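Novice: Below is one structure. I have some questions about it.
The values are calculated or read from the model by the stated rules, or taken from the named source; none is laboratory data. None of these values were measured; they are calculated from a predicted model. Here the Cβ is made from the backbone with ideal geometry for all residues, glycine too, and neighbour counts use every protein chain on show.
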2 protein chains.
Amino acid sequence: MLSMKSQYAFKALSYLTLKFNEGPVLISEIAKKKKIPLKFLENILLELKKAGILDSKKGKGGGYFLKQRPEKVKVATVIRLINGPIAMLPCVSLYFYERCKNCDEKKCGLHDMMVEVRDATLQIVENRTLKDLVM
Amino acid sequence: MLSMKSQYAFKALSYLTLKFNEGPVLISEIAKKKKIPLKFLENILLELKKAGILDSKKGKGGGYFLKQRPEKVKVATVIRLINGPIAMLPCVSLYFYERCKNCDEKKCGLHDMMVEVRDATLQIVENRTLKDLVM
DNA sequence: TCATTACCCCACCAACCCGGTGGACTGAAT
DNA sequence: ATTCAGTCCACCGGGTTGGTGGGGTAATGA
């Protein structure tokens, strides 16, 4: 399941997508409109900024805004960044791979099935962007 | 991600599937063969029994065994039991549904996408059984 | 320049979950 | 009665989740 943090991230990003090209948006505005705890949102936005998804401007008239066009930001990227692995097992994860202990991947039925699940999921989240979230 | 507990559950169930119709299997045998901490495995098997997937026999010659035929036990059932929801959001879960707060399901882009992910996943795990894990 | 604005950063918190352990008890078979 | 093996319950350390508080610092604009 996606954590609260991930859900907040998507809400905030949706909001910033709608406000794309309208200049910086205050954290407090996003927090209020999307009903996200202010300080918690601060952390999330900062993390998204460090990952290169958002950018910010300090001082009066400052705030956060999308660094890239909404259709350039894949949903999968955001999930991996804020929530972690998309796959159901470490041994089938593309970005967070870890070998199974005591289990031969070559002939593990669970492994094979989870590869299928992973691919079916990626098929969707790798091909959707922030733009799709607000349409 | 599936928890260790879930992975242990699948390992144990695979083993019991191979030993199907050979009578009760000792917890200690499963623990040893599958390298699962004994006491932890105890809890897991008990949970699977309470859910009607396994049955057990006490005393000498006792142990655990599958209550139903391996092809009758869906992977999805085991995941839901030991790991919890399969969906990525509470508001798209079929068995663990919870309403989103401050988010209209009718027009939430994330919601719609997660319904797709859920269905793609269920397509797989609802149609695979313990038997498929050992083939 | 200088105050204000608003992001930046760090430390901390309670509650919960995960992975696992210890010990006592109960029921069945010999 | 004894032994075997599952049942039950309580507990535990450590990590994660979902926050909160407070001060620091960079940019703005008057």
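Novice: Can you spot a residue in region A:89-102 that is out of contact with any Leu (no Cβ under 8 Å at 6 or more places or on another chain), at pLDDT below 95 and polar (S, T, N, Q)?
Specialist: yes
Novice: Restricting attention to region A:28-52, and to residues there that are part of a helix (DSSP H, G or I) and within 14 Å of chain B (Cβ to nearest Cβ), which single residue is farthest from DNA strand D (Cβ to nearest atom)?
Specialist: Filtering region A:28-52 for residues part of a helix (DSSP H, G or I) gives A:28-34, A:38-50.
This time we only want the ones that are within 14 Å of chain B (Cβ to nearest Cβ), so: A:30-34, A:41.
On the way: A:Ile30: 14, A:Ala31: 9, A:Lys32: 13, A:Lys33: 16, A:Lys34: 12, A:Leu41: 9 Å.
So, considering only residues that are part of a helix (DSSP H, G or I) and within 14 Å of chain B (Cβ to nearest Cβ), the one farthest from DNA strand D (Cβ to nearest atom) is A:Lys33.
Novice: Right, here's the next one. Among what's in region A:56-107 and is touching a Phe, Trp or Tyr at 6+ places or on another chain (Cβ under 9 Å), assigned to a loop (DSSP other than H, G, I, E, B) and not basic (Lys, Arg), pick the residue that is nearest to A:Ile30 (Cα to Cα).
Specialist: Result: A:Gly84.
Every residue, every condition in (1) closer than 20 Å to B:Leu122 by Cα; (2) surrounded by fewer than 17 Cβ atoms within 10 Å (Cβ to Cβ); (3) within 13 Å of chain A (Cβ to nearest Cβ), yes or no:
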position	(1), (2), (3)
B:Lys11	no, no, yes
B:Leu26	no, yes, no
B:Leu54	no, no, no
B:Lys67	no, yes, no
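Novice: Filter region A:69-88 down to the residues that are within 13 Å of chain B (Cβ to nearest Cβ), buried (at least 16 other Cβ atoms within 10 Å of the Cβ) and within 16 Å of DNA strand C (Cβ to nearest atom) and list them by number.
Specialist: Answer for region A:69-88, where residues must be within 13 Å of chain B (Cβ to nearest Cβ), buried (at least 16 other Cβ atoms within 10 Å of the Cβ) and within 16 Å of DNA strand C (Cβ to nearest atom): A:Ile82, A:Asn83, A:Pro85, A:Ala87, A:Met88.
Novice: Inside region A:120-129, can you point out the residues that are more than 9 Å from chain B (Cβ to nearest Cβ) and in a helix (DSSP H, G or I)? Explain how you work it out, then say what you get.
Specialist: Initially, region A:120-129 is screened for residues more than 9 Å from chain B (Cβ to nearest Cβ), giving A:122, A:126-127, A:129.
Listed by number, the list holds a single entry, A:Leu122.
Novice: A further question follows. Please find, within region B:89-134, the residue that is surrounded by the fewest Cβ atoms within 10 Å (Cβ to Cβ) out of those that are among the aromatic types (Phe, Trp, Tyr) and closer than 30 Å to B:Leu16 by Cα.
Specialist: So in region B:89-134, the residues among the aromatic types (Phe, Trp, Tyr) come out as B:95-97.
Filter once more, so that each one left must be closer than 30 Å to B:Leu16 by Cα: B:95-96.
Working: B:Tyr95: 11, B:Phe96: 13.
Taking the candidates together, the pick is B:Tyr95.
Novice: Got a number for residues in region A:1-36 being touching a helix residue (DSSP H, G or I) at 6+ places or on another chain (Cβ under 7 Å), of a type outside the set (A, V, I, L, M, F, W, C) and within 12 Å of DNA strand C (Cβ to nearest atom)?
Specialist: Going through region A:1-36 one residue at a time, the tally reaches 2.
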